[in-house]
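Remarks on the structure that follows.
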Amino acid sequence: MRSDRLHETLLPKRLALPIFASDALSSVAYAPDEILLMLGIAGGAFVMSHSWQVTVGVILVMVVVVASYRQNVHAYPSGGGDYEVATVNIGPKAGLTVASSLLVDYVLTVAVSISSGVQNAATVLDFVRGREVVVAVVLILFLTAMNLRGVRESGMAFAVPVYAFMVAIVGMGAYGFLQEFTGNLAPAESAGLTLVPEGDETITGLAAGFLLLRAFSSGCAALTGVEAISNGVPAFQKPKSRNAATTLLLMGTLSITMLTSIIALSQWTGVKIADDPASQLLRNGQPVGEDYVQHTVIGQLSVAVFKDFEVGVVFVSIVTGLILVLAANTAFNGFPVLGSILARDGYLPRQLHTRGDRLAFSNGILILSGAAIVLVIAFKAEVTALIQLYIVGVFVSFTVSQVGMVRHWTRHLRLERDPKARARMMRSRVINAIGAAMSGTVLVVVLITKFQAGARYAILAMALLFALMLGIRKHYERVSQELAIDWESDKPLLPSHVHAIVCISKVHKPTMRALSYARASRPSMLEAVTVDVDADETRALVEEWERRQIPVTLKVLASPYRSITRPILDYVRSIRTGNPRDLVTVYLPEYVLGRWWEQVLHNHSALRLKARLLFTPGVMVVSVPWQLASSEGAERDWIDMPPIPGSVRGGGGT
């Protein structure tokens, strides 16, 4: 796709919602499970009495965070998101902290979402069980391929499953509420079981409070993905900020509605799930044992709500599995954009800043895919292990960016004199201040409750990435300083002499072409150089050189250890040592091979010599290619390519 077609890839709200909100919406499929599993450690009575409290806490945080990020997208529509907010208002180190946390979180989003989808599929698809890692890797590769096709194309492909999930969960909730109010709601399959505390000991006091905090921190996984919209504002159609803010509001409303309905239905139907179901779940006073299959909360609710409608159960199961897989698509859109911005600022390799031939940030997509595959393999696609590393990064970015927004409004209030504008800014500052306080509180809770369980590895990854990006920035700054011209002291000087050397091994067509080209450049001094690794061959070369009366001096370099590269390097350096202002030009005749298998039949000595000469100051290396017959087909393929519209193809050189 041509660069001037970039506007065609911009997203309307109907496509932006499934692309950027799939992560946040998909968390509804596992956040209720995490809340109930954590509360279940204290027994069934504890779940019934406290699940609402935890859910209300999660919803309150979500409302504040969504409201805060609506301020962000209006104030910073360039797509830098939390990174830009933190960098501009707090400083580069704060921005880099946010960036490292978000990059780690995006990788974990892909790993957790794909692993969760695969584990859900394994409960109904026998061929997946035992092959979770392989299936997860294949799915990541599939998402990678789809996103390499372009943002709009991937959005169109994934929009239907995401909207189907919304319809399934909202529809199940509405129908379940209707059944509850009419007295027709059936109990869940686990309603008849008894959930006992882990270890058969009642948890009270500080232990109970700590357990509530753990359940709250696990439920806050429902907030992941909110920041993706603020990072993706440039991908929206105009007016970008307003469309992004509307999409944020839709996402928050849907997430809260679905989470509330699932928790309410789970209480009404008596859903019971346990971290160790074999021992914690009792049937008639006896443990259910290892043979018991514990289904997810949504799985149990779909059976209870659609007890007389099997199609509904199947539909909910299929779209839930799909949304868990497609949730990773949010990261595939957020990570490359953030990587591009960081590359623009010199914190990541510059290859991440450029778009691919489909106008997607292809390099960022490939790096995200590779990192997620490594995590899936390392943790064997186990959600329980991966989830402990999750959400730390996103709440670091939430907290820092909201503090940055408070400073943003404070700075603007010093300059603003219009009463209406000041009132609007003060209202926005209050919203962001509340968001910073709540996000910071959640971050502390997450760090306390999940540090030993695995969050420390995520923090370590963020620290390493932070140090790596600082090192990359320092490298680019050092290179820039070295390449900068001081026009007062660095006046361009012509070399005293140009000493040309043509490296040869025998008298053939490539050698004669290199000699002709070197002579045509009219150097101050020209000589041919060969290395004596075989006395008989060298003697034959000298005799033929003299017999052909080639008008260039031939110099033979001794090589007692049969090395070709070292004698030439030493000779070139000796020329430079004696005459520092002289320029040495080394001409290397090379022949071009057309077939891959031909490469192994040649020693590529010219390539090795070229690599070493590039590190020698004051030396220019000139490759003089000779195309063999096998390369002509490849050359014709290039020549026969259709011209780029609006361009003129010119000739010129090899």
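Would you please state the base-10 log of I(q)/I(0) at q = 0.23 1/Å for the range 403-519, with intensities from the Debye formula using one equal scatterer on every alpha carbon?
So the normalised log intensities are -1.19.
Against the longest principal axis of the chain, how steep is helix 151-182, in degrees 0 to 90 to the nearest 10, with axes from Cα atoms?
With rounding to tens, the tilt is 10 degrees.
Given charges of +1 on the Cβ of Lys and Arg and -1 on the Cβ of Asp and Glu, with all other atoms neutral, how large is the dipole of the range 498-639 about its Cα centre, in debye to the nearest 20?
400 debye
I want the local charge near D536. Using Cβ-Cβ distances under 14 Å, sum +1 for each Lys or Arg and -1 for each Asp or Glu among the other residues.
Around D536, the charge tally is -2.
For the chain, build the charge dipole from Cβ charges (+1 Lys, Arg; -1 Asp, Glu) around the Cα centre, then report which of P12, L348, Y571 sits farthest towards its positive end.
The listed residue farthest towards the positive side: Y571.
Given a Förster radius of 41 Å and the C-beta distance between D276 and T410 as r, what FRET efficiency does 1/(1 + (r/R0)^6) yield to the nearest 0.05? Display every interim value, and only then the final one.
Values: r = 50 Å, r/R0 = 1.23.
Efficiency for this residue pair is about 0.25.
How do the peptides 23-34, 83-94, 172-183 rank, highest first, by the average count of neighbouring beta carbon atoms within 10 Å per residue?
Put in order of decreasing packing, that is 23-34, 83-94, 172-183.
Toward the positive end of the charge dipole of the chain, about the Cα centre and with charges on Cβ (Lys, Arg +1; Asp, Glu -1), which of V64, A99, V621 goes farthest?
V621
Hey, what angle do you get for helix 535-548 against the long axis of the chain, alpha-carbon based, 0 to 90 degrees rounded to 10?
60 degrees
For Q627, what residues show an amide H to amide H distance below 5 Å, using hydrogens built from the backbone and excluding near sequence neighbours?
V592
Enter the Cα centre distance for the pair the range 14-53 and the range 229-251, rounded to the nearest angstrom.
25 Å
On full extension of the chain, what length is gained from R149 through L628, given 0.36 nm per residue of separation minus the C-alpha to C-alpha distance?
Between R149 and L628, full extension yields an extra 168.8 nm.
Using Cβ contacts closer than 10 Å as the measure, can you line up M146, M438, M620 from fewest to most?
The most exposed by this proxy come first: M620, M146, M438.
For the range 45-55, what does the Karplus curve 6.51 cos²θ - 1.76 cosθ + 1.60, with θ = phi - 60°, yield as ³J(HN,Hα) per residue in whole Hz, taken in order and with x for Gly and Pro?
Result, ordered by residue: 5, 5, 4, 5, 8, 10, 4, 5, 4, 5, 5 Hz.
I need the phi-derived Karplus couplings for the range 592-597: 6.51 cos²θ - 1.76 cosθ + 1.60, θ = phi - 60°, integer Hz, Gly and Pro marked x.
9, 9, x, 10, 4, 6
DSSP loop trypsin sites (Lys or Arg not before Pro) in the range 403-481 with at most 15 other Cβ atoms within 10 Å of their Cβ, which ones?
Working: sites: R407, R411, R414, R417, K420, R422, R424, R427, R429, K450, R456, R473, K474, R478; in loops: R417.
Filter output for the range 403-481: R417.
Can you tell me how much longer the chain between A484 and L250 gets when fully stretched, taken as 0.36 nm per residue apart minus their C-alpha distance, in nm with one decimal?
79.3 nm
What angle, in degrees between 0 and 90 and rounded to the nearest 10, separates the Cα long axis of helix 456-483 from the longest principal axis of the Cα atoms of the chain?
So the helix axis and the longest Cα principal axis differ by about 30 degrees.
Gain in length, K238 to V552, computed as 0.36 nm per residue apart minus the alpha-carbon separation, to one decimal in nm?
Numbers: separation 314, 0.36 × 314 = 113.04 nm, distance 6.80 nm.
Roughly 106.2 nm would be gained on extension.
Please list, ordered by chain and number, the residues whose modelled amide H lies under 5 Å from the amide H of M620; skip anything fewer than 5 residues away on the same chain.
Residues meeting the criterion, in which the H sits 1.01 Å from N, are V584, T585, V586.
I need F142, F361, F466, F615 ordered by Cβ neighbour count within 10 Å, fewest first.
F615, F142, F466, F361
Convert each backbone phi in the range 238-254 into a coupling constant with the Karplus relation 6.51 cos²θ - 1.76 cosθ + 1.60 (shift: θ = phi - 60°), then list the ³J(HN,Hα) values in order as whole Hz, x for Gly and Pro.
Whole-Hz 3J(HN,Hα) from phi for the range 238-254: 6, x, 4, 4, 5, 5, 5, 5, 5, 5, 4, 5, 4, 4, x, 4, 5.
Using per-residue counts of other Cβ atoms within 10 Å, averaged over each peptide, order 440-449, 539-548 from highest down.
Values: 440-449: 18.5, 539-548: 13.1.
Ranking, from highest mean packing down: 440-449, 539-548.
What pairs in K240/K474; K380/K450; K93/K474; K506/K555; K509/K610 have C-alpha atoms more than 24 Å from each other? Could you put the intermediate results ahead of the total?
Numbers: K240/K474 34 Å; K380/K450 20 Å; K93/K474 13 Å; K506/K555 13 Å; K509/K610 20 Å.
Going by Cα-Cα distance, K240/K474 fall outside the 24 Å limit.
Sort E488, E416 so that the residue with the fewest other Cβ atoms within 10 Å of its own Cβ comes first and the one with the most comes last.
E488, E416
Counting only residues 5 or more places away or on other chains, whose amide H sits under 5 Å from the amide H of A528 once H atoms are built in the peptide plane?
V502, T553, L554, K555
When the dipole is taken about the Cα centre of the chain, and only Lys, Arg (+1) and Asp, Glu (-1) are charged at their Cβ, what size is it in debye, to the nearest 20?
Once rounded to the nearest 20, the dipole reads 2520 debye.
Here are several values of P(r) over Cα pairs in 10 Å bins from 0, in percent: (i) 3, 13, 20, 18, 14, 11, 9, 7, 4, 1, 0; (ii) 3, 13, 17, 17, 12, 8, 8, 8, 6, 5, 3, 1, 0; (iii) 3, 13, 23, 25, 20, 12, 5, 1, 0. Which one was derived from the coordinates shown?
Recomputing P(r) over Cα pairs in 10 Å bins from 0, in percent here gives the entry labelled (i).
In terms of Cα to Cα distance under 20 Å, which lysines are near enough to K307, apart from those fewer than 8 places away along the same chain?
Answer for K307, where 20 Å is the Cα cut-off: K272, listed by chain and number.
A short reminder: the numbers here are calculations on the coordinates, not readings from a lab. All values reported here derive from a predicted model rather than from experimental measurement. Positions of Cβ are generated from backbone atoms using ideal geometry, with glycine treated the same way; all protein chains shown enter the neighbour counts.
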